[in-house]
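Only one structure is covered here, and it is reproduced in the block below.
Rule-based calculations on the coordinates, nothing more; no lab input. Predicted model, so just to flag it, every value in this text is computed and none were measured. Here Cβ is always computed from backbone atoms with ideal geometry, including for glycine, and neighbour counts include all displayed protein chains.
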Amino acid sequence: MRISDINQAEVNPEGKYVLYWMIANRRTEWNFSLQRAAWWAERLKRPLVIFEALRVGYEWASDRLHTFVLQGMRDNLAAMSDAPLIYYPYVEPEKDAAKGLLTSLASDACVVVTDDFPCFFLPRMVKAVGKKLNIKLEAIDSNGLLPLRAADRDFPRAHSLRRFLQKELPPHLEIVPQANPLSGKSFPAADPKLIAGVQKKWPAIDADTLDDPADFIAKLPIDHDVPPVEREGGPLAAKTQLKWFLKHGLPRYGEDRNDVEKECASQLSAYLHFGHLSVHEVFAALTKQEKWDLSQISPKVTGSRQGWWGMSDNAESFLDEIVTWRELGYNMCHLRDDYDKYSSLPDWAKETLEEHKEDEREFIYTMNQFEHAQTHDELWNAAQRQLVREGRIHNYLRMLWGKKILHWTNTPQYAAQVMIHLNNKYALDGRNPNSYSGIFWCLGRYDRAWGPEREIFGKIRYMTSDSAMRKLSLKGYLREYSGDRLFT
Ligand SMILES: Cc1cc2nc3c(=O)[nH]c(=O)nc-3n(C[C@H](O)[C@H](O)[C@H](O)COP(=O)(O)OP(=O)(O)OC[C@H]3O[C@@H](n4cnc5c(N)ncnc54)[C@H](O)[C@@H]3O)c2cc1C
């Protein structure tokens, strides 16, 4: 269920190696794709080549995103330094420089395995490569606890996906990727010169550059106005963050998640997005801490959040986010080509927004004003500064951030454009299925109609900075993200 044939070509028995083209699950552990590639290598008795690639020509490519990915390549290089395989990390030095690279590598391979990520330019890219290759290309789904192909419909609300999961998920929880897919495998060791011809034309990025990539990145044709953030990318930093969360965040998660100044959320979304961390690893660590096994799961199908897993309230709240809400977005991207379009909103939301499109707007801002945190609202500006400086916004304020963009733009369609651009440009976890769930949630997706009907919003759920200020303690947050400068 997690394996898809991208083309109809056969395995080439004359090939010299098995190629894993790592494009989304950028890690060596808990990775179904790597597990599958290692399986092929053992079965075909061929060495394994792992090609982790990063292009420059995609929208929103910046120093911030490149640094995060290169930090992951540094960890992957270290993790595979003693493995009997070739790890080939490659960063395109200029646009289209990598043209022909993959087909050259694949021409000597028996089979190519890649990652199945349902969003952004990746599905198009994989499909196009599949057409060009005359050997088998498989994409492997390591996205969620539920395989993407286990559901053949998308879900209008979290409640309906939760019901589906309560019924269908348990057997899938027993099929987990191996924590160390390379350990104990007996494929032949790779001769370091195996792909020398390809690497001569397209040199791998070296360990020194990966240790300190700033000068290298400065020369790339990407957006240098979005600088790296303090948070480190890579599987090692992801593990540290997961440990921090389980010890310090989870015990307060149910109560404090919305409390901006008592930060207790996991802050794992960027690692999950870049594949530096697997949701299966998070789930395994959580269940270990909770001393939980599958027999504790409730057989009832209620759609309700609590009392499903048979874990602590905090763990159940966290699972509702990292399983139900997270996989809602992946399911939508997998099944619908319009996941990033305004037209994908539910009819009631489009109708109510249409009815209110002529409502007078007291404030209207442009993309540029939003980007530079130049609204009249200090809390909104602070959230935008956090996004620009740190590549994230606290979850509660992220909802407010989106809702106010709807309030202060001349059309809801333009509001969607502003949110997509700013989120994907600055947020480390942007360009993800949940970028679009979050953004379109602000416009009514996965929600119901709310009363009273209001100006501009109509029946769309309304949020205000004033009520956030009343409910939450925000003085420290406002101080931290104040000032005219966007970057610290
Ligand atoms: C306007 C807007 C834009 C958003 N853009 C993104 C985005 O680009 N990428 C992204 O991953 N999430 C996005 N979200 C969802 C959510 O804000 C983030 O996933 C969450 O804040 C990440 O912080 P965390 O890892 O500390 O979350 P935690 O609270 O620790 O949750 C654990 C994990 O569950 C998932 N999750 C949590 N909340 C949600 C949610 N509401 N919807 C879907 N999955 C969720 C994430 O994978 C997260 O890492 C957006 C939400 C809004 C309102």
So for segment 1-142, averaging the separation of alpha carbon pairs under 8 Å that are six or more residues apart and normalising by length, what relative contact order in percent results? 44 percent
Roughly how many Å is it from the Cα centre of segment 394-431 to that of segment 1-49, as a whole number? 38 Å
Return one number: the angle in degrees, 0 to 90 and rounded to the nearest 10, between the long axis of the Cα atoms of helix 326-335 and the longest principal axis of the Cα atoms of the chain. 70 degrees
For SER482 and GLU59 in the same chain, what is the full-extension length gain: residue separation times 0.36 nm, less their Cα-Cα distance, in nm? 149.4 nm
In segment 284-325, the trypsin sites (Lys or Arg not before Pro) that fall in loop regions by DSSP, at most 12 other Cβ within 10 Å: LYS291, LYS300
Rounded if a/c under 1.5, otherwise prolate or oblate - the chain, Cα gyration tensor axes: prolate
Of LYS357/LYS459; LYS95/LYS341; LYS357/LYS403; LYS243/LYS291, which pairs sit farther than 18 Å apart, going by alpha carbon to alpha carbon? LYS95/LYS341
Which of the chymotrypsin sites (Phe, Trp or Tyr not before Pro) across segment 302-365 are loop residues per DSSP, with 12 or fewer other Cβ within 10 Å? PHE363
Theoretical FRET efficiency, 1/(1+(r/R0)^6), r = Cβ-Cβ of HIS159 and GLU14, R0 56 Å, to 0.05: 0.60
Order these by the 10 Å Cβ neighbour count, fewest first: PHE68, PHE487. PHE487, PHE68
Per the rule of 0.36 nm per residue minus the C-alpha distance, extending ARG448 to SER107 adds in nm 117.6 nm
Order these by the 10 Å Cβ neighbour count, fewest first: MET125, MET332, MET1. MET1, MET125, MET332
What helix-only [θ] at 222 nm does the chain give? Using -39500 (n - 2.57) per DSSP H run of at least 4, over all residues, to the nearest 500, the answer is -12000 deg cm²/dmol
Quick check on the exposure proxy: order SER62, SER183 from fewest to most C-beta atoms within 10 angstrom. SER183, SER62
By how many nm would the segment from LYS471 to ASP223 lengthen if fully extended, with 0.36 nm per residue of separation less the alpha-carbon distance? 85.5 nm
